[in-house]
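Visitor: So that we are looking at the same thing, I have put the structure below in structure tokens.
Any read-out appearing in this document is the output of simple, stated calculations on the displayed coordinates, not a laboratory observation. These figures come from a predicted structure and were not determined experimentally. Note: ideal-geometry Cβ built from the backbone for every residue, glycine included; neighbour counts use all protein chains shown.
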Amino acid sequence: MLMSEAHAAVDRACVQAIRTLSIDAIERANSGHPGLPLGAAPMAYVLWQRFLTHDPADPAWPDRDRFILSAGHGSMLIYSLLHLSGYDLPLDELKSFRQWQSRTPGHPEFGHVPGVEATTGPLGQGSANAVGMAVAERFLAGRYNKPGHNIVDHWTWALVSDGDLMEGISAEAASLAGHLGLGKLVYLYDANDVSLDGPNSLCFSTEDVAARYRAYGWHVQTVTDGDEGLGDIEIALEAARAETAKPSLVIVKTTIGYGSPNKSGNCSSHGAPLGTEEVRLTKQALGCDPEAEFAVSDDVRKHFADGVKRGSEARSAWKQRFAAWRDQEPELAAEWDALAGGELPAGWDAAIPDFEGGSMATRDAGGKVLNAIASKLAPFFGGDADLGCSTKTTLVDQGSFNGQSGLGRNVHYGVREHAMGAIANGIAYHGGLRTFTGTFFVFSDYMRPAMRLAAMNELPVTFVFTHDSIAVGEDGPTHQPIEHLASLRAMPGLVVIRPADANETAEAWRWSMGQSKRPVTLVLSRQKLTTFDRKQCASAKGLARGAYVLCDPAEGAPRAILIATGSEVELAMAAKDALQEQGIGVRVVSMPSWELFEEQDASYRAEVLPPDCSARVSIEAGATQGWKQYVGDAGVSIGIDHYGASAPGDVLYTKFGFTAERIVQSVRDLLSRAVIEH
Ligand SMILES: Cc1ncc(C[n+]2csc(CCOP(=O)(O)OP(=O)(O)O)c2C)c(N)n1
Ligand SMILES: [Mg+2]
């Protein structure tokens, strides 16, 4: 029997409770977005009451369904649902919506609100996170499910809005989801034909979203009465779940600000409180007491509690299945436990090689290390944006990820960098595994919004970027990163590592994998770099401290310090040798990561960069912005503050002044100036 027939009155009351709680909280905050919760309450209610398998008693239960409110501006919708479902989000928290330190921030924030699976707000990101979660579900199912032991088997549901579907990232993500046949992914589309500035006729009038998603390979349905048609929504969600070979889009036609006599159907209800009088009128129109605020009847509370029982029963049944699986698969269970606890199973790094002599591009070293880690760590997979041959991030002989079976460990993201970033975030949000991405460094710009969310949410994603400087050469300025290091270093919470040689690359991967709460950006070279003889200079283990003394003069205190990153460290070493021949002893500091260096105590930092040695030169093939903090006012920064050019990489290095001679000259100039100044 459909819910519209079975419980019409109480179901309606539950929907109205979601609506009125939402507008009351927004009114009290005098800030927020009432239009979406008023319009999308019915679909959200049907989903949560009848389909979403979750248990407020254990919001992190691994096999729960995932729900992502991609249209994060409608945050009061999810807060009302969480509150009514019995999550640790009491009414007082709803009353302090959008206030300092409340658990009800303006947009849903992962880690701050129990039951919020992803931070959303930048439109489109959540829809791609959902694809990542569905990918993770399949991958874990492929790894851990055994005949008779189905321990990973859940659904991913996302609520998306017009704005979400206008954003390019959602198109990238949906195209890939269709290609992969992610049958356990469902979008509910709040199709209200209105966005922030006005009706869709302003900018979204000709697009046939249903046809577009069908063309992506999705199963598409439309519910015409999303404002009241609970039964129709239920039928559509049932059909979406029955289609397991394709992801599903359920287009639910709604009225923004439904119930508000003067603002419904209009963008005026999108992002501002309705106003006291309009709230009264809205409650009246919805058949609720216009004077009551934050009112929830006992019937409504009981009905929500009854709905949640489905989830708690499912969790109990899962616990039993999991226990039986654990008995049968103790080794797999140990691996599962480690990952679930943010750890890695012992021995994960046993195959990481030591590199000796010769030269090797750090992208090649990165590929070898990545594969060595993957050989010991099965729940580790990732992919690239159609550049695996160049980035060397392909997991050799590990097959292509299959969205049905979950087998295969290379996700071919295609040329979809933005979605790749957000899908990797979704994989990390899901938990239970580790992941990475790969593309050219210059295209980090295409991933930056997702990387920012990874940093904000402490997601353990390793973002690998290769072709890290003008040394890219012939492809020219469009492919040559300049400001990218500076720009990513400006992002709070992101660790940027640019290793100098193969062994630093190994240490960079080791460090990155050791982090369960920090995204890391690995910046690797296309060109070969000398593998330093670590018997002659310091161990690459120094990488973990961000900067370390790679080499000091054979005797005497250094008269100057050369600080370099990545490919420029070998230039610094060449300059050091040349200076030594001229009787000038200098120190070479390899500084692969500013962020890690800043985390060291003051005494270590002073050991590496002694304050009394002010003759300092930084060398990095990127924008010089920020280097003054290490070279000081007296120092020199050799970098590039303009775009590159199309020519062989070594020619560009010479033309743009990345030569040992220039470093030598800079040191000599600094020292002679110091003499004159004395
Ligand atoms: C990437 C991004 N650009 C712009 C915004 C600002 N913004 C918030 S909601 C919105 C559009 C709202 O339209 P829709 O998604 O249809 O939501 P509705 O008004 O129907 O609730 C915009 C432009 C945003 N949050 N993210
Ligand atoms: Mg809209």
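Visitor: Return the long-range amide H neighbours of residue 194 (sequence gap of 5 or more, or a different chain), with a cut-off of under 5 Å between placed amide H atoms.
Guide: Excluding prolines and chain starts, which carry no amide H, the hits are 200.
Visitor: Let's test the formula: R0 of 45 Å, r as the Cβ-Cβ distance of residue 577 and residue 516. What FRET efficiency results, to the nearest 0.05?
Guide: It comes out at approximately 0.60.
Visitor: Enumerate by residue number the chymotrypsin sites (Phe, Trp or Tyr not before Pro) in the range 151-204 meeting two conditions: DSSP loop (anything except H, G, I, E, B), and at most 14 other Cβ atoms within 10 Å of the site's Cβ.
Guide: none
Visitor: Please arrange 120, 659 by counting, for each residue, the other beta carbons lying within 10 Å of its beta carbon, fewest first.
Guide: If I rank by nearby Cβ atoms, fewest first, I get 659, 120.
Visitor: What does the chain give for Rg and for Dmax, in Å, if only its C-alpha atoms count?
Guide: 28.1, 93
Visitor: List every residue whose amide H lies under 5 Å from the amide H of residue 220, counting only residues 5 or more places away in sequence or on a different chain, with H placed 1.01 Å from N in the peptide plane.
Guide: Hits under the 5 Å cutoff: 249.
Visitor: With respect to the cross-link table entries 184/309; 246/392; 146/517; 263/283; 517/628; 146/319, which display a Cα-Cα separation exceeding 19 Å?
Guide: The pairs that break the limit, which is 19 Å between Cα atoms, are 184/309; 246/392; 146/517; 517/628.
Visitor: Give me a comma-separated list of calculated 3J(HN,Hα) values for the range 606-611, in order, Karplus coefficients 6.51, -1.76, 1.60 applied at θ = phi - 60°, integers in Hz, x for any Gly or Pro.
Guide: 6, 5, 6, 10, x, x
Visitor: Take the eigenvalues of the Cα gyration tensor for the range 545-677, scale each by 5, and report the square roots as semi-axes in whole Å, largest first.
Guide: 22, 19, 14
Visitor: Let me ask something additional. Per-residue ellipticity at 222 nm for the chain, helices alone: DSSP H runs ≥ 4 residues times -39500 (n - 2.57), over residue total, nearest 500 deg cm²/dmol?
Guide: The helix-only estimate for the chain comes to -12500 deg cm²/dmol at 222 nm.
Visitor: Here is a further query. Stokes-Einstein diffusion coefficient for the range 3-314 at 25 °C in a medium of 0.890 mPa s, Rh from the Kirkwood formula over Cα pairs: what value in µm²/s?
Guide: 127 µm²/s
Visitor: Could you state, as a whole-number percent, how many of the C-alpha pairs of the range 203-343 are farther apart than 25 Å?
Guide: It works out to 60 percent of all Cα pairs.
Visitor: With Cβ to Cβ distances under 11 Å as the rule, what net charge do the other residues near residue 653 carry (K, R +1; D, E -1)?
Guide: 0
Visitor: Still on this structure: Taking every Cα atom in the range 1-110, find the radius of gyration and the maximum pairwise distance Dmax, and write them in Å.
Guide: 13.8, 45
Visitor: Continuing with this model, one more query. For the range 473-481, what does the Karplus curve 6.51 cos²θ - 1.76 cosθ + 1.60, with θ = phi - 60°, yield as ³J(HN,Hα) per residue in whole Hz, taken in order and with x for Gly and Pro?
Guide: Here the 3J(HN,Hα) series is x, 4, 5, x, x, 5, 9, 10, x Hz.
Visitor: If you don't mind, another one. Can you tell me the equivalent ellipsoid semi-axes for the range 417-473? Use √(5λ) from the Cα gyration tensor, largest first, whole Å.
Guide: 22, 11, 9
Visitor: Neighbour counts of other C-beta atoms within 10 Å: give me 396, 569 arranged from fewest to most.
Guide: 396, 569
Visitor: Count the net charge of all other residues whose Cβ sits under 11 Å from the Cβ of residue 560, scoring Lys and Arg as +1 and Asp and Glu as -1.
Guide: +4
Visitor: About its Cα centre, what dipole magnitude does the chain give when the only charges are +1 on Lys and Arg Cβ and -1 on Asp and Glu Cβ, stated in debye to the nearest 20?
Guide: Dipole size: approximately 760 debye.
Visitor: Between residue 359 and residue 661, what's the calculated FRET efficiency when r is the beta-carbon distance and R0 is 30 Å? Round to 0.05.
Guide: E(calc), rounded to 0.05, equals 0.90.
Visitor: Turning to a different aspect of this structure: Evaluate the charge dipole of the range 3-314 about its Cα centre and quote only its size in Debye, nearest 20, assuming +1 on the Cβ of each Lys and Arg and -1 on the Cβ of each Asp and Glu.
Guide: It works out to roughly 640 debye.
Visitor: So for the range 499-622, considering every pair of alpha-carbon atoms, how many percent are separated by more than 18 Å?
Guide: It works out to 50 percent of all Cα pairs.
Visitor: So how strong a dipole does the range 78-213 carry about its Cα centre when Lys and Arg Cβ are +1 and Asp and Glu Cβ are -1, to the nearest 20 debye?
Guide: Rounded to the nearest 20 debye, it is 580 debye.
Visitor: How large is ³J(HN,Hα) for each residue in the range 238-253, as worked out from phi by the Karplus curve 6.51 cos²θ - 1.76 cosθ + 1.60 (θ = phi - 60°), to whole Hz, x for Gly and Pro?
Guide: In residue order, the calculated couplings are 4, 5, 4, 6, 6, 8, 9, 8, 9, x, 10, 10, 10, 7, 10, 6 Hz.
Visitor: Sticking with this one: Taking the Kirkwood radius as the inverse of the mean 1/r across Cα pairs, report the Rg/Rh of the range 497-549.
Guide: Using Cα coordinates only, the ratio equals 0.97.
Visitor: What residues have an amide H closer than 5 Å to that of residue 380, excluding those fewer than 5 places away on the same chain, when H is modeled at 1.01 Å from N in the peptide plane?
Guide: 434
Visitor: Here is a further query. How long is the gain from residue 276 to residue 91 if the chain were fully straight, where each residue apart is worth 0.36 nm and the alpha carbon distance is subtracted?
Guide: Separation in residues times 0.36 nm, less the Cα-Cα distance, equals 64.6 nm.
Visitor: Right, another one. Tell me the Kirkwood radius of the range 359-530: reciprocal of the mean inverse pair distance over distinct alpha-carbon atoms, in Å.
Guide: Final number for the Kirkwood radius of the range 359-530 is 15.7 Å.
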